[in-house]
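Trainee: Let me give you the structure first, and then I'll get to my questions.
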Amino acid sequence: MNEQEAIQQVLADLDAALPAGVGVRTAGGDADAKPPYVVVRWRSDRLPEENGANPFADFTRDPESGDAVGREFHQYFEFTADCVVRVYDEGDRDVYLDRIDDAFLPYEYDSSAFHPDTAEWRVGGSEPRSNPVVEPDWYEGGKVVRFKYVKRVTQTADALGDTQQNIDAE
């Protein structure tokens with residue numbers, strides 16, 4: 001899994017969990033600012049000490065011959081998605097936060113249902129938030145979702161260069 005896969009899957013799950021009229025997007029840009037919508041502020045932090053400090057995971061092998069044809073490297077990350085709900089009705093804010101909880105909580109039990117390369121899901125509590133610049137008046141609340149994932153990088157034999165050596169034994 002990589003960062004783009006993670007955020008796209010989070011957005012898809014939010015979109016499926018919320019009513020059709022609720023927009024879902026990442027922070028930034030100049031998308032429609034008229035509530036109701038959910039903005040996801042996300043970050044992906046590398047965990048350099050996770051699962052050992054060596055990124056080398058294994059050799060990749062030809063399925064027929066079993067020969068090594070490349071290398072696989074792993075990087076471990078913690079993904080944090082801060083889901084900010086903005087609505088005109090206070091009750092809707094609380095309902096949408098609850099739907100977000102319902103969408104992601106099952107991954108604490110079975111992280112592979114989201115993606116096989118994720119683990120250690122933590123769905124935080126809901127909280128109302130204040131918005132210092134409110135035009136017009138809306139309600140804002142948030143929920144933070146965190147999980148760890150592994151990013152797999154494969155290096156083929158072509159990238160390794162010619163490492164074949166002939167050894168003549170006499």
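The values are calculated or read from the model by the stated rules, or taken from the named source; none is laboratory data. Note that the structure is a prediction, hence the values are computed from the model and not measured. Note that we place each Cβ from the backbone using ideal geometry, even for glycine, and neighbour counts take in every protein chain shown. Heads up: the accessible areas ignore ligands, DNA and RNA and are worked out on the full protein's heavy atoms, side chains in. Shrake-Rupley method; radii C 1.70, N 1.55, O 1.52, S 1.80 Å.
Trainee: Quick check for you: with a 1.4 Å probe and neighbouring chains kept, what is the accessible area per residue of the range 53-123, in Å²?
Mentor: Heavy-atom accessible area per residue stands at 55 Å².
Trainee: Between Ala68 and Asp110, what is the FRET efficiency for a Förster distance of 35 Å, r being their Cβ-Cβ separation, to the nearest 0.05?
Mentor: E(calc), rounded to 0.05, equals 0.55.
Trainee: How far apart, in nanometres, would the label points at Asn54 and Ala20 be if each is projected 7 angstrom from Cα along the Cα-to-Cβ direction?
Mentor: Label at Asn54, label at Ala20, 5.5 nm between them.
Trainee: What length, rounded to one decimal in nm, is gained on full extension from Asp137 through to Asp98, with 0.36 nm per residue of separation minus their alpha-carbon distance?
Mentor: Gain on extension, Asp137 to Asp98, equals 11.9 nm.
Trainee: Also, I was wondering about something else. Can you give me the % of accessible surface on the range 13-130 that is carbon or sulfur? Probe 1.4 Å, all protein chains present, nothing else counted.
Mentor: For the range 13-130, the apolar C and S fraction of the accessible surface comes to 46 percent.
Trainee: I've got another one for you. Taking 7 Å along the Cα-to-C-beta vector as the label spot, tell me the Asp89-Arg129 distance in nanometres, rounded to one decimal.
Mentor: Rounded to a tenth, the inter-label distance reads 2.2 nm.
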